[in-house]
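Comments concern the structure below.
Where a number appears in this text, it was derived from the coordinates with a stated rule and is not lab data. Keep in mind it's a predicted model, so treat the numbers as computed, not measured. So basically every Cβ, Gly included, is an ideal-geometry build from the backbone, and we count neighbours across all protein chains shown.
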Amino acid sequence: MLIRPRRLRENPVIRKMARETRISKDSLILPLFLEEGKDIKSPIPSLDGHFRYSPDRIGEAIENALRHGVDKALLFGIPACKDEKGSSAYAENGVVQQGIRKIKAQYPEVCVITDVCMCEYTSHGHCGILKDGKVDNDATLDYLAAAALSHVEAGADMVAPSDMMDGRVLAIREALDDNGYTYIPIMSYAVKYASYFYGPFRDAAGSAPGFGDRRGYQMDWHNAKEAAKEALLDVEEGADILMVKPALGYLDIVKSVAERINLPLAAYSVSGEYAMIKAAAKMGLIDEYGILCESAVSIYRAGADILITYYANEIAEAIEKGDIG
Ligand code: PBG
């Protein structure tokens with residue numbers, strides 16, 4: 001026998017040398033939830049181990065992430081008031097804007113990325129402005145641009161539009177450029193499916209649509225070619241980083257988008273992916289640590305360069321221990 005694949009599996013040193021997928025803590029992003037108010041750190045039942053923090057306490061989550069070696073956060077807001085037009089999404093003193101200022105004042109080295117969307121701020125829970133009971137794409141663009149600009153004015157390092165309106169990357173790019181923020185990158189949720197995997201997040205953020213669903217703007221999960229269409233459009237509109245979301249059920253999409261674009265590719269391992277692992281582990285059915293390591297590596301192996309995950313701290317710890325990476 002000339003060829004024996006097992007030679008490279010003999011011991012840990014050889015196995016690590018021959019690894020094809022390398023991952024770094026630098027590529028991990030931790031989602032965090034900001035709730036309007038004071039002195040809040042309340043557990044999120046649907047995302048076991050995660051909390052909603054008021055801006056005055058968000059530093060605790062950042063501190064903890066930094067201890068693990070994670071220095072990038074993706075911020076979501078839970079405002080005190082919602083209305084038809086999602087006013088607190090672009091309010092100077094909105095909850096996310098307050099949170100950004102807090103984090104940047106205390107931890108200037110942390111990369112603060114903000115989710116830009118209307119659904120957490122609108123009374124109807126849709127990701128845009130309604131007209132005759134439907135989300136009006138073009139009318140929504142100005143609101144998204146205003147939200148993105150207000151985040152950047154508060155000190156955000158990067159904005160991440162997740163609404164899936166057509167043309168929003170360009171609208172945001174123009175608003176940022178017109179105000180002198182030409183150097184602020186946009187990470188676009190370019191390929192975002194209308195997924196059942198977002199369920200736990202919508203409980204966490206209180207952002208489930210009041211009527212109907214998001215299939216009129218988020219993508220149909222029967223489609224793969226459409227991912228290329230969305231990705232290439234956002235490249236043309238000036239996105240700096242593209243994202244595929246969800247991740248685990250969509251590794252084919254991660255791979256095909258990674259092969260087609262020249263931008264860094266992020267994958268978002270969403271709330272449902274996290275919650276399923278947590279629940280199965282709690283029932284004693286799986287080894288949580290092993291599964292979170294293997295899932296993370298599989299997303300990078302498919303072609304992701306950056307991973308947004310509720311397990312960011314745990315993955316960083318696994319990298320530190322040398323179990324993955
Ligand atoms: C906002 C937004 C959602 C998620 C990220 N940004 C919810 C949705 O589109 O319904 C989901 C994230 C997750 O499930 O972890 N539009």
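Using alpha carbons only, how many degrees (0 to 90, rounded to 10) separate the axis of helix 251-260 from the longest principal axis of the chain?
Between the helix axis and the principal axis of the chain, the angle is about 80 degrees.
Quick one: of LYS85/LYS134; LYS25/LYS321; LYS41/LYS102; LYS82/LYS131; LYS38/LYS102; LYS25/LYS192, which pairs are farther than 21 Å apart, Cα to Cα? All intermediate terms of the calculation are to be shown ahead of the outcome.
Working: LYS85/LYS134 13 Å; LYS25/LYS321 12 Å; LYS41/LYS102 15 Å; LYS82/LYS131 17 Å; LYS38/LYS102 13 Å; LYS25/LYS192 24 Å.
Going by Cα-Cα distance, LYS25/LYS192 fall outside the 21 Å limit.
Please name whichever of ILE129, VAL96, MET276 sits farthest to the positive end of the charge dipole of region 5-321, dipole taken about the Cα centre and charges placed at Cβ: Lys and Arg +1, Asp and Glu -1.
My answer, from the dipole projection, is MET276.
In whole Hz and in residue order, list the ³J(HN,Hα) couplings for region 31-43 that follow from phi through the Karplus curve 6.51 cos²θ - 1.76 cosθ + 1.60, θ = phi - 60°; x for Gly and Pro.
Once θ is set to phi - 60°, the couplings for region 31-43 become x, 9, 10, 9, 10, 5, x, 10, 6, 9, 9, 10, x Hz.
Run the simple label-point estimate for VAL13 and GLU174 please: 7 Å along Cα→C-beta, distance reported in nm.
Between VAL13 and GLU174, the label points sit 6.1 nm apart.
Rounded to the nearest 0.05, what FRET efficiency is calculated for TYR183 and ASP136 with R0 set to 30 Å and r the Cβ-Cβ distance? Walk me through the numbers before you get to the answer.
On the way: r = 31 Å, r/R0 = 1.04.
My answer for the efficiency is 0.45.
List the residues, sorted by chain then number, that are 5 or more residues from ASP83 or on another chain and whose placed amide H is less than 5 Å from its amide H.
Under 5 Å from the amide H of ASP83 lie the amide H atoms of SER88, SER123, each far enough along the sequence or on another chain.
Could you run the Karplus curve 6.51 cos²θ - 1.76 cosθ + 1.60 with θ = phi - 60° over region 202-213 and give me ³J(HN,Hα) per residue in whole Hz, x for Gly and Pro?
5, 5, 5, 9, x, 10, 5, x, x, 8, x, 9
Step through the residues of region 294-299 one at a time and calculate ³J(HN,Hα) from phi using the Karplus curve (6.51 cos²θ - 1.76 cosθ + 1.60, θ = phi - 60°), rounding each to whole Hz and writing x for Gly and Pro.
With the stated coefficients, region 294-299 comes to 5, 5, 4, 4, 5, 6 Hz.
For every helix of n ≥ 4 consecutive DSSP H residues, a contribution of -39,500 (n - 2.57) applies; sum these over the chain, divide by its total residues, and give [θ] at 222 nm rounded to the nearest 500 deg cm²/dmol.
Numbers: 11 runs with 124 residues, N = 325.
My calculation for the chain gives -11500 deg cm²/dmol from helical runs alone.
If one takes the longest principal axis of the Cα atoms in the chain, at what angle in degrees, from 0 to 90 and to the nearest 10, does the Cα axis of helix 271-282 lie?
Between helix and principal axis, roughly 50 degrees.
Over the chain, what portion of Cα pair distances is larger than 28 Å, expressed as a whole percent?
Numbers: 20286 of 52650 pairs.
So the pairs more than 28 Å apart make up 39 percent of the total in the chain.
Before anything else, pin down the relative contact order of region 5-321: Cα pairs under 8 Å, at least 6 apart, normalised by residue count, whole percent.
Values: 630 pairs, mean separation 57.3, N = 317.
Relative contact order of region 5-321: 18 percent.
If you place +1 on the Cβ of every Lys and Arg and -1 on the Cβ of every Asp and Glu, how big does the dipole about the Cα centre of the chain come out, in debye to the nearest 20?
Numbers: 37 positive and 48 negative charges, 280 e Å.
Computed charge dipole of the chain: roughly 1340 debye.
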